[in-house]
1. Inside the stretch 163-178, can you point out the residues that are within 15 Å of ligand 2 (Cβ to nearest atom) and under 29 Å from residue 101 (Cα atoms)?
2. Determine which member of the set 118, 176, 146 is within 13 Å of ligand 1 (Cβ to nearest atom) and under 25 Å from residue 29 (Cα atoms).
3. Cβ-Cβ distance below 9 Å, separation of 6 or more or different chains: which pairs start in the stretch 174-186 with a residue that is more than 15 Å from residue 86 (Cβ to Cβ) and end on one that is part of a helix (DSSP H, G or I) and near ligand 1 (Cβ under 8 Å from one of its atoms)?
4. Could we say that residue 182 is within 12 Å of ligand 1 (Cβ to nearest atom), modelled with pLDDT of 95 or more and either under 21 Å from residue 30 (Cα atoms) or surrounded by 13 or more Cβ atoms within 10 Å (Cβ to Cβ) (or both) here?
5. What number of residues within the stretch 196-216 are part of a helix (DSSP H, G or I) and in contact (Cβ under 8 Å) with a residue 12 or more places away in the chain?
6. Give me the residue from the stretch 85-100 that is assigned to a helix (DSSP H, G or I) and in contact (Cβ under 8 Å) with a residue 40 or more places away in the chain and, out of that set, nearest to the chain's Cα centre (by Cα).
7. Any chance you could count how many residues in the stretch 116-150 are away from ligand 2 (no atom under 16 Å from the Cβ), part of a strand (DSSP E or B) and buried (at least 19 other Cβ atoms within 10 Å of the Cβ)?
Ligand code: UDP
Ligand code: MG
């Protein structure tokens with residue numbers, strides 16, 4: 001729009017035009033997403049907290065969002081989520097994606113500059129991934145997958161240890177056996193799919209927190 005045309009418009013109309021242009025620009029800025037995957041207890045949540053402290057990401061844990069929805073008074077999905085979590089099963093994708101989408105929109109509504117998200121513990125199976133692609137394709141780009149690679153034994157021991165204080169209904173050996181099975185059968189194939197696209201950044205997650213974070217930093221510094 002030329003300057004002459006703009007200046008001929010009334011001040012009010014001019015402000016409306018500017019506002020519309022700004023909104024259009026913000027809309028064009030798709031969310032930039034890093035999926036954070038790895039077995040239960042591989043350190044996803046712990047490392048995400050560190051990443052947030054050091055980089056400008058917003059951390060969204062799919063598990064935390066589901067646990068919050070489970071406890072929300074009046075939630076129609078509370079019981080279903082509860083059963084799935086205890087059994088180490090994956091909650092239907094419509095529920096999880098709705099929660100993630102809402103949390104992303106809320107973050108951006110409060111601060112439009114927040115477009116970088118760490119999505120922790122999702123997508124856990126191919127249905128999750130397909131649902132994400134269908135629902136979120138116009139709104140978010142997946143930059144890469146940060147994969148915390150850790151043996152099942154270390155994962156189980158960490159979660160059992162965490163279970164002494166976490167209060168989580170699934171940090172016990174019976175649930176963990178099922179969670180590990182779900183991880184191996186359903187989540188690993190998702191990681192393999194991204195691997196084929198050259199989009200997986202793998203971190204050895206079996207060492208101490210500081211050491212793992214040093215490796216995470218090396219990866220993120222290259223990506224940003
Ligand atoms: N969960 C799910 N879909 C998700 C994320 C989590 O169904 O996208 C459920 C699933 O039952 C899982 C549990 O929530 O076992 C706990 O997930 P969380 O990511 O909190 O566990 P972590 O891997 O961090 O120990
Ligand atoms: Mg977690």
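The values are calculated or read from the model by the stated rules, or taken from the named source; none is laboratory data. It should be emphasised that the depicted structure is a prediction, and the values quoted were computed from it without experimental measurement. Every residue, glycine among them, receives a Cβ derived from its backbone with ideal geometry; neighbour counts consider all protein chains shown.
1. Taking the stretch 163-178 and keeping what is within 15 Å of ligand 2 (Cβ to nearest atom), we get 163, 165-171, 175-176.
The answer is 166, 167, 168, 169, 170, 171, 175, 176.
2. Numbers: 176 fails: under 25 Å from residue 29 (Cα atoms); 146 fails: within 13 Å of ligand 1 (Cβ to nearest atom).
Step by step, each of 118, 176, 146 is checked, and only 118 is within 13 Å of ligand 1 (Cβ to nearest atom) and under 25 Å from residue 29 (Cα atoms).
3. Between residues of the stretch 174-186 that are more than 15 Å from residue 86 (Cβ to Cβ) and residues that are part of a helix (DSSP H, G or I) and near ligand 1 (Cβ under 8 Å from one of its atoms), the close pairs are 186/128.
4. Values: within 12 Å of ligand 1 (Cβ to nearest atom): yes; modelled with pLDDT of 95 or more: yes; either under 21 Å from residue 30 (Cα atoms) or surrounded by 13 or more Cβ atoms within 10 Å (Cβ to Cβ) (or both): yes.
Taking the combined requirement at face value, the residue satisfies it.
5. Final tally of qualifying residues: 5.
6. From the stretch 85-100, those assigned to a helix (DSSP H, G or I) are 85-86, 93-100; that's our starting set.
Narrowing the set further to residues that are in contact (Cβ under 8 Å) with a residue 40 or more places away in the chain leaves 85-86, 100.
Details: 85: 17, 86: 21, 100: 8 Å.
It comes out as 100.
7. Just the residues of the stretch 116-150 that are away from ligand 2 (no atom under 16 Å from the Cβ), to begin with: 116, 125-127, 129-144.
In the following step, the residues that additionally are part of a strand (DSSP E or B) were identified as 116, 140-144.
Restricting the remaining residues to those that are buried (at least 19 other Cβ atoms within 10 Å of the Cβ) gives 140, 142.
So the count comes out to 2.
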